[in-house]
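Have a look at the structure below before the remarks.
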Amino acid sequence: MSHLAQTQTQETFVLNLGPQHPATHGVLRVKLVMDGEYIVHAEPVLGYIHRMHEKMGENRTWAQFMPNTGRLDYLSALSYNFGYAAAVERAAGITVPERAEYIRVITTELNRISSHLLWFGAFVLDLGGFTPLLYAFDDREQILDLLESVTGSRLTYCYFRFGGVYNDIDDNFVPGSLAFIKRLRARMPMYHDLVTKNIILMKRLIGIGPISAEMCRRYGATGPVLRGSGVQFDVRKNEPYSVYPEFNFDIPVYHECDSMARYMVRMDEIEQSMRIIEQACNKLPEGPIMAEKAPKIIKPAPGDYYFSVEAARGSFGVRIVSDGTNTPYRLKLRSPTFSNLSLFAEASQGMLLADALALMGSLDLVIPEIDR
Amino acid sequence: MGNYTELLRLLAYLVGIIAFAALNAAYLVWLERKEAAHIQRRIGPKEVGPYGLLQPLADGIKLMTKQLIVPAGADVILFKVAPLLILAPAIASFVTIPFSETLVARNINLGLLMIFAFASLNVMGVLIGGWGSNNKYAVISAARAVSQNVAYEIPMLITAITMVMVAGTMNLNEIVMQQPNIFKWYIFRFTASPLMPVAFLIFFICSLAETNRAPFDMAEAESELVAGAYTEYSGMGFGVFFMGEYANVVIGCSLATILFLGGWQSPFGVPADAHWSLFLFKPGILWFLIKLYLLCFTVIWVRWTYPRTQFYGLLNLSWKYLIPISLFNLLLTGAMLKVFQS
Amino acid sequence: MNLEKIKQAMMALAPQAPVVEAPAEVAPVEGAEVPVAQKGRPAVLDTDYAKKGFTLDIELPPENVVAAAEILFKEGLSIEAVTGVDWIKDGQLEVVYDFIDWQWHGRVVVRSRVPRDNPQIPTISEVFAGANWHERETHDFFGIKFIGHPDLSPLLLPEDANFHPLLKDFKA
């Protein structure tokens, strides 16, 4: 608030972007002090969808909190399931059988693809191209059908349990996933031809919204935002978890630091996720899907533990403090978009409104994850 | 007695033009929704009437039953006048458009000039509507619309002047009569200037920009400015804005067909008094409507294919590319007309 | 980043005499399972990444956290999260900072305890700009005042909120 008082002069005016606005994906309000079309100061105002998940974590048992994790970032909910389940498994010392790990990886990567497809459609929609959204949703529908047959939900998944997953995949899942991958691989060149190489889109993204690696470091930005700034950091390779070390995949990194770089990182990540799914489907072992010795009531040893996974938007971290009882003492959810959005105020200074919206779209915001 | 027939004739044209403009506004909406749907791999309206053809009627009834809210702090007169400033000039411009050789309300000798004069009132509507709404988004959108319209009127006028030089007259009906078959269409008039198709393209782009259609819909940029200058309008006020936009699209496409594509002339060069069995090949209103709607189809097609440019990209396109090219074309045409005396 | 250099620098920042009932030497203990709430634990602890998820666990008095943040910033680490824990039985609030280095497998955790009735700790938002929002959120949830923070207004709670939900004695 003190910022606003200092930066507002007679030539500037305050424009409220949101909380109801077509371009802020979720209920986000950004207070813009503008000089004509230029942004002098941008201040995101959060809290419109704050539900206090962390307090809920303290009032529920460890297992009862699992559905909450699907409501944080509803677009890539399985990564959040993964982070929480793996954190508690690390704390309680539970080992997950191999088949369950493979199923976890396959479903999480499918979820990542569907999240990126939705981001792609919504981002181009923000820029004024109305059609790619529906094409992306067509592909996404197939993923949702696949995941529904396994997990029972289409969006807010609660599929993982401590020690594995609760439902095994059926016979159609692996052939269905491989068929889907084949279809999407044939369609990705179309997306690149129609959208990525479109001169208007290139003019709107290339050179717009530069975020340097140093800015990412100061703000703690991770995920495609960081990888679009030239830093090769992906939790799946840096702090490998689950069975990711067994797969052969690359981390796309672009050095231009602009919105186009972040766009290309996510498009390439779709391809890399498809590679992981293919390898995992081909190597899927037989076996149990739940750890035999998983206790019915989890009571991890006292202490604090941290687990970090690569969600679609960055590194999602769970810090749990256990006091040996069956409810968490403290449950901290480190959401990647929270840190990514915090650099918006500095990055958008002096930009035009349209460019700032392109920047915001390229950060890939999901507000319920920021507000928790 | 002659006065009365003239009066009756004008009244008939008045009713006809208003009906044409209103039906166009309604059914271009239908065409837009269907075309957008098929581009996006959906179907579009199909419930109300066969193929959704009664959908515009349902939408019109819905809009008329809504309360006309004037926001607090808005300038009431400006707020209410703005939609009319967009619709009325468009309807008035229909007076000189020749639908066929005999079907023109008033064959004014300065018809082209009159249409451009009315078209420049278009931007006033957006500006007044945006200012009178007492809404910051509307004001930003109005400011953008003014700079965009000013920038794009210039190449449009320069191209129109080029065509007037080629035709030698501003009378729209006479311009059409100089294009009896496809080889004589002005778009292919390479003896006047080899850049004629480019001139057509420039004219088309400028008419997209003048009517605030995507990818030049800065004034209404939905994902940035909610609905821009039209944010505060509800019910029929909003409906009138939209009717005005579509009426302007029809005027722009009509001008493009008249100036470049031969208007109501058929491409086959069949004279107007040929045998009745050749009626599909004879010039007349049918050809005018075919060409007009092909251009409208393209206008809608472009909207759903391209993303929006940034504001400065738009202005750059006009000031740095379209104006120099059209000026060059003007000079070239003048030189070639002088040299070849054609 | 240089892990040894960090450890040396942190030990220099730690108090010479630990709080209560210190073990004989204040040296890092390899892989010991040290419960968090233990008083007198060593200031700099190497932890087992596989068991805990972080590699270095540092406990400092509140006035030294800014110096620690500056050391970590110079060594190229990035801020991951800042949060609090309410140790109501000890009458203390703990502020926990997580730092990571992108080229290094592991995590550095810095903790600090402040008294519950007057929780104050200097802000590290001058060093790591991202800590600005994390500290605002921690203030929202626990009421910890970050001295020197430019704007400690509620981030996630409503603007007029004067309660702190994550305190253990908070009743809705």
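The values are calculated or read from the model by the stated rules, or taken from the named source; none is laboratory data. Note that this is a predicted model, so its numbers are computed, not measured. All Cβ positions, glycine included, derive from the backbone under ideal geometry; neighbour counts span all protein chains shown. For the accessible areas, the whole protein counts, side chains as well, though only heavy atoms, and no ligand, DNA or RNA atoms are used. Shrake-Rupley method; radii C 1.70, N 1.55, O 1.52, S 1.80 Å.
Residue-wise test of (1) more than 21 Å from A:Gly121 (Cα to Cα); (2) surrounded by 22 or more Cβ atoms within 10 Å (Cβ to Cβ).
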| residue | (1), (2) |
| --- | --- |
| A:Arg330 | yes, yes |
| A:Arg334 | yes, yes |
| A:Phe338 | yes, yes |
| A:Leu341 | no, yes |
| A:Leu352 | yes, no |
| A:Glu369 | no, yes |
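Among (1) open to solvent by 30 Å² or more (accessible area, probe 1.4 Å); (2) within 24 Å of the chain's Cα centre (by Cα); (3) at pLDDT 90 or above, where does B:Cys296 come up short? Failing condition for B:Cys296: (1). Taking the criterion of being modelled with pLDDT under 85, more than 14 Å from chain A (Cβ to nearest Cβ) and within 21 Å of B:Leu317 (Cα to Cα), the only residue of region B:123-152 that qualifies is B:Val123.
Close contacts from region B:260-273, counting a first residue that is over 21 Å from B:Ile97 (Cα atoms) and part of a loop (DSSP other than H, G, I, E, B) and a second that is modelled with pLDDT under 75 and charged (D, E, K, R), with Cβ to Cβ under 6 Å and a gap of 6+ residues or different chains, come to B:Val270/B:Lys282.
Of the helices (runs of 4 or more DSSP H) entirely within region A:196-311, those holding at least 2 residues that are under 30 Å from C:Glu126 (Cα atoms), under 22 Å from the mean Cα position of the chain (by Cα) and within 14 Å of chain C (Cβ to nearest Cβ) occupy A:213-219, A:224-227, A:235-238.
What strands (runs of 3 or more DSSP E), lying completely within region C:41-105, carry at least 2 residues that are free of Cβ contacts under 8 Å to residues at least 60 places away in the same chain and closer than 21 Å to C:Ile147 by Cα? Of the strands (runs of 3 or more DSSP E) lying wholly inside region C:41-105, those with at least 2 residues that are free of Cβ contacts under 8 Å to residues at least 60 places away in the same chain and closer than 21 Å to C:Ile147 by Cα span C:56-60, C:78-87, C:92-100. Scanning region A:92-125 for residues being over 13 Å from the mean Cα position of the chain (by Cα) and open to solvent by 10 Å² or more (accessible area, probe 1.4 Å) gives a total of 11. In this structure, is B:Gly49 surrounded by 15 or more Cβ atoms within 10 Å (Cβ to Cβ) and either closer than 21 Å to B:Gly125 by Cα or not aliphatic (A, V, I, L, M) (or both)? It is false that B:Gly49 is surrounded by 15 or more Cβ atoms within 10 Å (Cβ to Cβ) and either closer than 21 Å to B:Gly125 by Cα or not aliphatic (A, V, I, L, M) (or both).
On the stretch given as region A:127-161, residues that are open to solvent by less than 10 Å² (accessible area, probe 1.4 Å), under 19 Å from the mean Cα position of the chain (by Cα) and within 14 Å of chain B (Cβ to nearest Cβ) total 2. For region A:312-330, a tally of residues being at the interface with chain C (Cβ under 10 Å from one of its Cβ atoms) and not hydroxyl-bearing (Ser, Thr, Tyr) returns 8.
Only a single criterion out of (1) among the hydrophobic types (A, V, I, L, M, F, W, C); (2) open to solvent by 10 Å² or more (accessible area, probe 1.4 Å); (3) in contact (Cβ under 8 Å) with a residue 40 or more places away in the chain is not satisfied by A:Val235, namely (2).
Of all residues in region B:313-332, those satisfying the criterion of being of a type in the set (A, V, I, L, M) and either touching a helix residue (DSSP H, G or I) at 6+ places or on another chain (Cβ under 8 Å) or within 14 Å of another protein chain (Cβ to nearest Cβ) (or both) are B:Leu314, B:Leu315, B:Leu317, B:Leu322, B:Ile323, B:Ile325, B:Leu327, B:Leu330.
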